[in-house]
2 protein chains.
Amino acid sequence: MADINVSPAQRRPLSGTAASGTEPAGREPAYELIELMFFAYRDFVGDPDHVLERYQFGRAHHRVLHFVFRHPEIRVADLLDILKITKQSLARVLKELIDQGFILQKEGQVDRRQRLLAVTDKGKALALELAKLQTERFARAIAQSGTTRDQAVRFLYAMIDPERREDVTRMITQADRALRGKER
Amino acid sequence: MADINVSPAQRRPLSGTAASGTEPAGREPAYELIELMFFAYRDFVGDPDHVLERYQFGRAHHRVLHFVFRHPEIRVADLLDILKITKQSLARVLKELIDQGFILQKEGQVDRRQRLLAVTDKGKALALELAKLQTERFARAIAQSGTTRDQAVRFLYAMIDPERREDVTRMITQADRALRGKER
DNA sequence: CATTTATGTCAGCCATGTTGACATATTCGA
DNA sequence: TCGAATATGTCAACATGGCTGACATAAATG
């Protein structure tokens, strides 16, 4: 459980910047948060990007691999629903992931029209490697910011469109259940 | 200061999911945080996307407009450095923003090779409209998650690559100073 | 058996990133 | 003062990953 750099709230940024008066328009624009979100996300996806270059994969491959890893035997239609892309877009990257042996398809048992997707051992290894990089970033950020993991979860959750939150929670819960079930 | 929905920690997601044993590999992958970050960012940039459609602009236009708005009279080279794209990529969207009257260029006073960029009134209005949308999302998220704004700032800041943090802080501070100086 | 569903695929377009090469104007240092 | 360095623009070509529209196939379903 040893962590890279446990020191709460060292060298924090600005944040005493807003509220000079009573604007009629409402709230002061939160430029600081907006820009921090932009840079944070860029670095968050940057880690995996470097690894993916090894296989000539891009971010699209990462997303597909990740969600197939998290939802073994997922139907194509459900994957499209998570990613919010078209099947033509999915087809391109999925084909490459299958050709290179990271993902495999099997015919559905109950409904033989379905092509259920799952990661191979190779795919699992890569998905885990990428998840670990991002996990380390979160662990660092939580430790160094003096936040709790729970606060971070609640904050990010509340950044999601209210009407989609339930779906997201359900999806994550279900994936956790499925994965724990498998690994036992 | 009245907010949309002030209720701390209502309907929070899971988060009691990790730590089943002592893996030799280290930490449990933080799937929940990883996926929440993905969905949060998608919605975060989704708000502006809809508005930008009105002008046939994309996210690239948004980024350029935003940072030019925040850094009046910015040099092209400095803008490229913030965005981390090539000048050829910038040129395309910048041309459209200039043609449609959102941004204008002026020759540098001290160095006449420079083409200093600034938003027009029209550009400022659009930049503010977009920033306001994202500000509202943050205000909602902070109120509903029971976090403080300061915690959110520190957390996002700590998500950035350590070696880039100083630059980001400096950039934000400087932009705040420049904008406040102008509005007085 | 006709229709609906799940998936695949072809073709082409668009947005936004890239590299490489080269042009122009201006500044700056020897 | 002149040659090199700098700031910017531009042309051409390419890659990635979105999109729409059209159509094909196999299987399920009423």
Inset, instruction - Between the label point of A:T173 and that of the same position in each other copy, find the distances and list them shortest first in nm, with every label point placed 7 Å from Cα along the Cα-to-C-beta direction. - result: 4.5
Legend entry - Interface burial for B against A (accessible surface, 1.4 Å probe, total of both chains, Å², rounded to 100): 8000
Inset, instruction - Can you send over the carbon and sulfur percentage of the accessible area for the range B:31-147, probe radius 1.4 Å, protein chains only? - result: 50
Legend entry - Dipole magnitude of the range A:32-184 about its Cα centre (Cβ charges: Lys, Arg +1; Asp, Glu -1), debye to nearest 20: 520
Inset, instruction - Output the Kirkwood hydrodynamic radius of the range A:31-183, Cα pairs only, in Å rounded to one decimal. - result: 17.0
Legend entry - Peptide A:68-77 - average C-beta neighbours from other chains (10 Å radius): 1
Inset, instruction - Using the 7 Å Cα-to-Cβ label point, sort the distances from B:I85 to its equivalents in the other copies shortest first and give them in nm to one decimal. - result: 1.9
Legend entry - Shielding of A:132-139 by partner chains, average beta-carbon count, 10 Å: 6
Inset, instruction - Select the chain B residue whose beta carbon lies nearest to the rotation axis carrying chain B onto chain A, and write the distance in whole Å. - result: B:Y41, 2
Legend entry - Karplus-derived HN-Hα couplings along the range A:30-37 (A = 6.51, B = -1.76, C = 1.60, θ = phi - 60°), whole Hz, x at Gly and Pro: 8, 4, 4, 4, 4, 6, 5, 4
Legend entry - Net charge, B:I98 excluded, C-beta distance under 12 Å - Lys, Arg +1, Asp, Glu -1: +3
Legend entry - Test item: B:167-175 mean partner chain Cβ contacts at 10 Å: 4
Legend entry - Between the range A:64-130 and the range B:92-107, the alpha-carbon center distance in angstrom: 43
Legend entry - Table column - 3J(HN,Hα) (Hz), the range A:57-72, Karplus curve with 6.51, -1.76, 1.60, x for Gly and Pro: 9, x, 5, 4, 4, 4, 4, 5, 4, 4, 6, 5, 4, 6, 10, x
Legend entry - Residue-wise HN-Hα coupling along the range A:161-177, computed from phi with Karplus coefficients 6.51, -1.76, 1.60 (Hz; x: Gly, Pro): 3, x, 6, 9, 4, 4, 4, 5, 4, 4, 4, 5, 4, 5, 5, 4, 4
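The values are calculated or read from the model by the stated rules, or taken from the named source; none is laboratory data. Computed from a predicted structure; not experimentally measured. When we count neighbours, we look across all protein chains shown, and the Cβ atoms used for this are built from the backbone with ideal geometry, even at glycine. Heads up: the accessible areas ignore ligands, DNA and RNA and are worked out on the full protein's heavy atoms, side chains in. Shrake-Rupley method; radii C 1.70, N 1.55, O 1.52, S 1.80 Å.
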